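For reference, the structure is listed below as structure tokens.
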Amino acid sequence: MTLKKKLRIAILASGGGTNLQSIIDLSQKGLLDAHICLVLSNNPEAGALQRAQRAGINTACIDHRVFASREEFDQTVVTTLKDAGAELIVLAGFMRIISEIFLDAFPQRIINIHPALLPSFPGLHVQRKAIEYGAKFTGCTVHFVDSGVDTGPIIAQAVVPICPDDSEETLAARILQQEHQIYPQAIQWIAEGRVRIEGRRVYIDKSRCATSALINPALNK
Ligand code: GRF
């Protein structure tokens, strides 16, 4: 019997780490062809570090505040990720902008999840911005990271409705539920070698295209 080689992934998180948890959970169920070789944070207080430690995953904390420049911080992060043997970098609420040094070290091998339907609402506080704009739908986007902010080629998206009584918190929670579905799935597709980038477009071999449209508010019938 030959054992299938698992893709070595490093997960970078600055906060609570619910996306990290969804990836750990799938991996512990044996449903992910990826091995989490490292969880790295820039924030010593990140809940993500505790989640990783509870799961017996190696962690590293590199506090950006002790570095004189973004480049020096990124160089240390890159060295740590290379030492861990990471093949795919998974940003899961990592609140640092990625410099060219980082991008060049892992070309087309860094992915991110964003809590809006890109290209709408890039940047921060996007749940509040979607509500204030009056959008009827928002969602989340898994994408490759390029040199822009939330601009890289899109791998997968999930759509959620915005309800009239939504607060930023209720909407964020609804979006997070979908983040926890699509992020592990996107990692699995990459681990299976099914993801191909052509220009801005990303193709997933043998995937099914969702066919039903959504309307919000629902039609009168
Ligand atoms: C998520 O909303 C994600 O889309 C954004 O940062 C948040 C991280 O949440 N990039 P968590 O730490 O995974 O709970």
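No lab work stands behind these numbers, since they all come straight from the coordinates. Since this is a predicted model, take the numbers as computed values, not measurements. Cβ placement follows ideal geometry from the backbone for every residue including glycine, while neighbour counts extend to all protein chains displayed.
At a threshold of 8 angstrom on Cα-Cα distance, excluding pairs fewer than six apart, so keeping six or more, what relative contact order does segment 112-206 reach in percent?
27
Under 8 Å for C-alpha pairs, at least 6 residues apart: give me the relative contact order for segment 25-89, rounded to a whole percent.
Computed over segment 25-89, the figure is 29 percent.
Treat each spin label as a single point 7 Å out from the Cα along the C-beta direction, and report the Ser69 to Gln50 distance in nm.
So the label points at Ser69 and Gln50 sit 3.7 nm apart.
Per residue, what volume in Å³ does the convex hull of the Cα atoms of the chain enclose?
Per residue, the Cα convex hull of the chain comes to 152 Å³.
Counting C-alpha atoms alone, how compact is segment 152-221: give Rg to one decimal and Dmax as a whole number, in angstrom.
15.2, 44
Taking only DSSP H segments of four or more residues, each worth -39500 (n - 2.57), what value at 222 nm results for the chain once the sum is divided by all its residues, to the nearest 500 deg cm²/dmol?
Mean residue ellipticity at 222 nm (helix-derived): -10000 deg cm²/dmol.
From the cross-link list Lys29/Lys136; Lys6/Lys29; Lys6/Lys82; Lys5/Lys206; Lys82/Lys206, which pairs have alpha carbons spaced over 25 Å apart?
Lys29/Lys136; Lys82/Lys206
Where the Cα atoms of segment 25-78 are projected onto their three principal axes, how long is each span, largest first, in whole Å?
That works out to 42, 22, 12 Å along the principal axes.
Extent of segment 8-107 along each principal axis, from alpha carbon coordinates, in Å, largest to smallest?
41, 28, 19
Mind jotting down a quarter of the surface of the convex hull over the alpha carbons of segment 112-206, in square nanometres, one decimal? Walk me through the intermediate numbers first.
Values: hull surface 24.5 nm².
Mean projected area for segment 112-206: 6.1 nm², to one decimal.
Please identify the helices of the chain, taking whole runs of DSSP H, that span at least 24 Å along their own axis as judged from the Cα atoms and have a mean Kyte-Doolittle score of -1.0 or higher.
Membrane-span-like by this criterion, though nothing is claimed about a membrane: 168-191.
Nearest-5 percent of antiparallel DSSP beta bridges in the chain?
Restricted to the chain, the bridges split so that about 50 percent are antiparallel.
Which FRET efficiency value, to the nearest 0.05, do you get for Leu31 and Leu214 by plugging their Cβ-Cβ distance into 1/(1 + (r/R0)^6) with R0 = 30 Å?
The formula returns an efficiency of 0.65 here.
In whole angstrom, how far apart do the alpha carbon centroids of segment 34-86 and segment 144-220 sit?
After rounding, the separation between the Cα centres reads 26 Å.
Suppose a student asked you for the relative contact order of the chain, using Cα pairs under 8 Å spaced at least 6 residues apart; what percent would you report?
Relative contact order comes out at 18 percent.
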